[in-house]
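The block underneath contains the structure these notes are about, expressed in structure tokens.
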Amino acid sequence: MKKLINDPGDVVADALRGIEAAHPRLRVDHGNRVIVRGDAPVTGKVGLVSGGGSGHEPLHGGFVGPGMLDAACAGEMFTSPVPDQIQAATTAVDGGAGVLHIVKNYTGDVMNFEMAAELAAAESGVEVSSVVVDDDVAVQDSLYTAGRRGVGATVLLEKIVGAAADQGRDLAALTALAGAVNARARSMGVALTSCTVPSAGRPTFELPEDEMEVGIGIHGEPGRRRVPLAPAREIASMLVEPILTDLDFTAGDGTIAFVNGLGGTPLIELYVLYAEVAKLLDAAGVAIARSLVGPYITSLDMAGASLTLLSVDDGMLRLWDAPVDTPGLRWGA
Amino acid sequence: MKKLINDPGDVVADALRGIEAAHPRLRVDHGNRVIVRGDAPVTGKVGLVSGGGSGHEPLHGGFVGPGMLDAACAGEMFTSPVPDQIQAATTAVDGGAGVLHIVKNYTGDVMNFEMAAELAAAESGVEVSSVVVDDDVAVQDSLYTAGRRGVGATVLLEKIVGAAADQGRDLAALTALAGAVNARARSMGVALTSCTVPSAGRPTFELPEDEMEVGIGIHGEPGRRRVPLAPAREIASMLVEPILTDLDFTAGDGTIAFVNGLGGTPLIELYVLYAEVAKLLDAAGVAIARSLVGPYITSLDMAGASLTLLSVDDGMLRLWDAPVDTPGLRWGA
Amino acid sequence: MADQLTLDTARAWVEGFAARIHAAADELTALDSAIGDADHGSNMTRGMSAVSAALDGSQTDIGSLLKKVGMTIVSSVGGASGPLYGTFFLRVGTTAGDKTALEPAEFAAALRSGLEGLKARGKATTGEKTMLDALAPALDALDAELSDGGSLSDSLATAATAAAQGRDATVPMVATKGRASYLGERSAGHCDPGATSMALLVDAAATAVSA
Amino acid sequence: MADQLTLDTARAWVEGFAARIHAAADELTALDSAIGDADHGSNMTRGMSAVSAALDGSQTDIGSLLKKVGMTIVSSVGGASGPLYGTFFLRVGTTAGDKTALEPAEFAAALRSGLEGLKARGKATTGEKTMLDALAPALDALDAELSDGGSLSDSLATAATAAAQGRDATVPMVATKGRASYLGERSAGHCDPGATSMALLVDAAATAVSA
Ligand SMILES: Nc1ncnc2c1ncn2[C@@H]1O[C@H](COP(=O)(O)OP(=O)(O)O)[C@@H](O)[C@H]1O
Ligand SMILES: Nc1ncnc2c1ncn2[C@@H]1O[C@H](COP(=O)(O)OP(=O)(O)O)[C@@H](O)[C@H]1O
Ligand SMILES: [Mg+2]
Ligand SMILES: [Mg+2]
Ligand SMILES: [Mg+2]
Ligand SMILES: [Mg+2]
């Protein structure tokens, strides 16, 4: 295992020190492993809290700041945070208008956020609402699965709902908006290599040199099927097709197209993929309103990419364009 | 070789299509492989042109836009662009105030930019000046080398000089500023793995599982020495020490500390490294004024990182903070 | 040896579980690599190390001991196994109350309330390729042998065997809960990591009570 | 067979160089992997493919032919080898002028002006582990044998041998120019990729003239 780390057990704690040192406008609660906006709580504003296992950086800590999240909880590597962390974050950002939990749909995340919300209600009286993001079409949302996973849509949702929270919308409105964004987003990913979890010390799965895993998750969970390595144009259609089959993206006021790198894939390859995706979307009559290309929700050092499409209305588009000032996404500020 | 590409020979052309599709405010001249600001030439403004081999994305094309470069030439993978490209870029951005070439110090880049400047002077009468960036302390600047390589300082220089160009400074002033920034910057890199050039199809060099290459360049050129794999805190000191030995960073109005990922290393590891670097700089009395952490000048899929320090004066710091609006660096706009 | 769960045997149970987890950590992670995200071993060792550190002798009844275990697991593990094992111990402890010894039927009832808590938290039932597939048959076997007049230690030994069989029975199952469910049919052919750790929990109980 | 460089043999020289480059591409890249950036093979094949496409019969004298080669290389290769090989051919062509045949001494002088151009462009001299270390001894050998009264084809054959020896002599050298110089002492023990392609250029000339 070749990683720029100290002890495999210290990666999350060490990275939090780095985030604190590099971003003076964020506050880091090392005991609880919570990253908070420097000016939190913002009185009268709904607090946005997300979090999840570490290893997906910049998600979520890199999205803390004006126009996006108020706090993020960093779990152990690929392991959802514990209720104590989530509760600490919730308390830290409660400005009197309630707190929205943005939860990716994984059994562990859902249960830990649930327990935290129970505790918050019982102990501190903070009004907590939550949205569970489940955009990954690789997983069928059926009785036979834990439901679709939350992947790329999380980034877009945190940006859009973060902008709406900054504009002063209330908890109910933000919860509804978050639900609407989630309902209009779909994702699909592909891995060329496995990631290596530091404490495990070896790749989570073995992929032969001439194969790739289609429908991969962001935790090195194997995907749905293994197929021969293919050129980018074929990979693009393996990503685009199941998404367009699942939801109609020709309606609405346009689509945000998000090609995401999984951590080990360089930007030049993401642009190659984006070119193919754009061509396919154009052919399918999907109008790209905005695009995002880069590693925003990663899976440690995994080589691969995911595609997220979000069908936006004009309001969402304005919220997307609104200023944001975080380490991971920044414009207009 | 596992890459998200079509044909290895088409990677640069395909990526340029992706950049064009993803960033409507940039113009791409596919024939010349030049990325230009949509509003170029800006009358009365000095044009900033850079370029180099591809495989270092977002450098340089990702830094085209208001507040940074006017145009970037994309060479073949790891191969400097040809004079024709550079000349096309120069002509495209000449707003009547001359053009500054920002050249990384590699034999090929220097010669091709030189030939382009000769052509530009002879054929189009555009006034061209140039700065050669050479910040890599891994290479001795002596009779026995081609001189120090241009690496991370290029990113900082393009931002700072780009801001100054936007403010209307003239060619002579910008050339002097670029020289001053270069003179105050030093870098050092480390590779944990080799990159794989698509057309070569296999890693440029072999690194055993328990070794790393210290003093690596950004083209997979082997570094100066191979040492056993070490924890991040030791790697940090292998990067910090030669830089501080080469230049005093305790003077000036502070330092911009830039921890750069080489393409295959995920952000969480860069933060682990940044934490260690910040600790060492603090101990050495170096005050960090600003920081930048992420993959900005990469080496395809190489795992590893580089550190760049730039000793700034107040003016440079204000230029660093000025608005920039490019795919790769964006704030205040 | 009294045929009861005493405060000491409860403590030994927990410590025995911790020791088994530490010894099996790599195996648990390897199992989780195949159908999950390669962290079940590190999750459980982190939790049980925290538990060992938290048990300082100030817990003077079985209920507070096991609630402390549950709370510590909830606060230190995360993931799916944290809330699940945490809820299990919290419920067993709550049912046990402030007793310092539990009769066989009382212990069995406490364990069953833990099972119910775990089911409610995870919204799962048996046959879904989870830790429940080791725990449920173990408690059925325990109840059966106890009502046949078996001793607690014999019945727990039988329960441990049933847990191991339940664990092995997860191999051919297709997961419909947790991360392994993403794999669909491809989850078959692998042993469930949570069922494997759960079998260690039952085995630790049998050893602690018979010691 | 006239003992001259005719327009046809000049064309055959260039095509012979292109063929050798295509055949040696992997070797050139492998050499460049060891002490450079693994692209010399692809750089030179890209350039020589462009050259083959550019030579359309409209070049009716040696000067325009070779200048076209040089300009095409400059415009298509990039890197260090583009300006260097490009300048070489441009200078050889300029010196050759609008002739359709060069006498042996004229060709040798043209080649030498190419060498000087290459030296000026790269600010290098022999012994720095570059393509010069194949070209310079080859031209020295060519001049020596021609002034001893040797034929152009015999002298070029000798030059090709000298180029190959010069190429091999780069192995122990420590590079002080180009990318390999970054390696310092570690550059010793590897053959220089540019010297290897340059030896092919001289060999192609010998073959073309003797055909
Ligand atoms: N809904 C559920 N009900 C019961 N057990 C579950 C459920 N979901 C997952 N599990 C158990 O949790 C185990 C995985 O635990 P762990 O790897 O620590 O958490 P995570 O899946 O979050 O990485 C699985 O092997 C399975 O036994
Ligand atoms: N200054 C120089 N003078 C002469 N030849 C040089 C010089 N620098 C490099 N070379 C030659 O160029 C070759 C490398 O060419 P190539 O790999 O195509 O370009 P790059 O080094 O830009 O990747 C070296 O092997 C060497 O022979
Ligand atoms: Mg997990
Ligand atoms: Mg090169
Ligand atoms: Mg797991
Ligand atoms: Mg090269």
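The values are calculated or read from the model by the stated rules, or taken from the named source; none is laboratory data. What you see is a predicted model; the values in this text were computed from it and never measured. With ideal geometry, Cβ positions are generated from the backbone for all residues, glycine too; neighbour counts draw on all protein chains shown.
With segment B:41-146 as the region, which strands (runs of 3 or more DSSP E) entirely inside it contain at least 3 residues that are of a type in the set (Gly, Ala, Ser) and more than 10 Å from chain D (Cβ to nearest Cβ)?
Values: elements: B:47-54, B:71-77, B:99-104, B:128-133.
The qualifying strands (runs of 3 or more DSSP E) are B:47-54, B:71-77.
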Practice problem: Could you grab me the full set of residues in segment B:167-191 that are within 14 Å of chain A (Cβ to nearest Cβ) and surrounded by fewer than 24 Cβ atoms within 10 Å (Cβ to Cβ)? | Solution: none
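Kindly establish whether D:Met71 is over 24 Å from D:Arg179 (Cβ atoms) and at pLDDT below 95.
Details: over 24 Å from D:Arg179 (Cβ atoms): yes; at pLDDT below 95: no.
No.
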Quiz item: What number goes with the only condition from (1) in contact with a helix residue (DSSP H, G or I) (Cβ under 9 Å, 6 or more places away or on another chain); (2) surrounded by 24 or more Cβ atoms within 10 Å (Cβ to Cβ); (3) hydrophobic (A, V, I, L, M, F, W, C) that B:Val151 does not pass?
Solution: (1)
Quiz item: Considering segment D:158-211 alone, what residues qualify as being more than 14 Å from ligand 2 (Cβ to nearest atom), small (Gly, Ala, Ser) and touching a residue at least 60 places away in the same chain (Cβ under 8 Å)?
Solution: D:Ala204, D:Ala205, D:Ala208, D:Ser210, D:Ala211
Quiz item: Is it the case that some residue within segment C:40-59 is modelled with pLDDT of 95 or more and acidic (Asp, Glu)?
Solution: no
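Determine which member of the set A:Tyr274, A:Tyr296 is in contact with a helix residue (DSSP H, G or I) (Cβ under 9 Å, 6 or more places away or on another chain), buried (at least 24 other Cβ atoms within 10 Å of the Cβ) and at the interface with chain B (Cβ under 8 Å from one of its Cβ atoms).
Values: A:Tyr296 fails: at the interface with chain B (Cβ under 8 Å from one of its Cβ atoms).
The match here is A:Tyr274.
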Quiz item: Looking at (1) within 16 Å of ligand 1 (Cβ to nearest atom); (2) more than 30 Å from A:His219 (Cβ to Cβ); (3) of a type in the set (Gly, Ala, Ser), which is the only condition C:Gly127 fails?
Solution: (2)
Practice problem: Please work out which one of (1) out of contact with any helix residue (DSSP H, G or I) (no Cβ under 7 Å at 6 or more places or on another chain); (2) touching a residue at least 60 places away in the same chain (Cβ under 8 Å); (3) over 21 Å from A:Val12 (Cα atoms) is the condition A:Gly67 fails and give its number. | Solution: (1)
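Among the listed residues C:Ala134, C:Ala175, C:Ala169, C:Ala159, which satisfies the condition of being more than 18 Å from C:Leu115 (Cα to Cα) and buried (at least 24 other Cβ atoms within 10 Å of the Cβ)?
Working: C:Ala134 fails: more than 18 Å from C:Leu115 (Cα to Cα); C:Ala169 fails: buried (at least 24 other Cβ atoms within 10 Å of the Cβ); C:Ala159 fails: more than 18 Å from C:Leu115 (Cα to Cα).
Within the list C:Ala134, C:Ala175, C:Ala169, C:Ala159, the selection yields C:Ala175.
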Exercise. Go through segment B:157-180 and give me each residue that's within 15 Å of B:Ala97 (Cβ to Cβ) and acidic (Asp, Glu).
Key: B:Asp166, B:Asp170
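State yes or no: is A:Ala322 crowded, with 24+ Cβ neighbours inside 10 Å, in contact (Cβ under 8 Å) with a residue 60 or more places away in the chain and farther than 20 Å from A:Asp135 by Cα?
Answer is no for this residue.
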Quiz item: Yes or no: D:Ala96 in contact with a Lys or Arg (Cβ under 9 Å, 6 or more places away or on another chain), over 28 Å from D:Ile35 (Cα atoms) and surrounded by 23 or more Cβ atoms within 10 Å (Cβ to Cβ)?
Solution: yes
Practice problem: May I ask you to list pairs of residues, at least six apart or on different chains, whose Cβ atoms are under 8 Å apart, with the first in segment B:142-154 being at positive phi and the second being surrounded by fewer than 20 Cβ atoms within 10 Å (Cβ to Cβ)? | Solution: B:Gly147/B:Asp141
Quiz item: Could you list, in sequence order, the residues of segment D:1-37 that are out of contact with any Gly (no Cβ under 6 Å at 6 or more places or on another chain) and assigned to a loop (DSSP other than H, G, I, E, B)?
Solution: D:Met1, D:Ala2, D:Asp3, D:Gln4, D:Gly36
Quiz prompt | Checking C:Met71 against (1) within 29 Å of A:Ile216 (Cβ to Cβ); (2) out of contact with any strand residue (DSSP E or B) (no Cβ under 8 Å at 6 or more places or on another chain), the condition it does not meet | solution = (1)
Practice problem: Sort out which residues of segment C:55-100 are among the β-branched types (Val, Ile, Thr) and within 13 Å of chain A (Cβ to nearest Cβ), and write them in order of number. | Solution: C:Thr72, C:Ile73, C:Val74, C:Val77, C:Thr87
Quiz item: Is it true that some residue in segment C:196-208 is more than 15 Å from the chain's Cα centre (by Cα) and surrounded by 21 or more Cβ atoms within 10 Å (Cβ to Cβ)?
Solution: no
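Does A:Asp10 fit the bill of being surrounded by fewer than 24 Cβ atoms within 10 Å (Cβ to Cβ) and within 11 Å of chain B (Cβ to nearest Cβ)? Don't jump to the end; show me each part of the working.
Values: surrounded by fewer than 24 Cβ atoms within 10 Å (Cβ to Cβ): yes; within 11 Å of chain B (Cβ to nearest Cβ): yes.
It is true that A:Asp10 is surrounded by fewer than 24 Cβ atoms within 10 Å (Cβ to Cβ) and within 11 Å of chain B (Cβ to nearest Cβ).
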Exercise. Please go through segment C:57-88 and pick out each residue that is more than 16 Å from ligand 5 (Cβ to nearest atom), β-branched (Val, Ile, Thr) and within 16 Å of C:Gly122 (Cα to Cα).
Key: C:Val74, C:Thr87
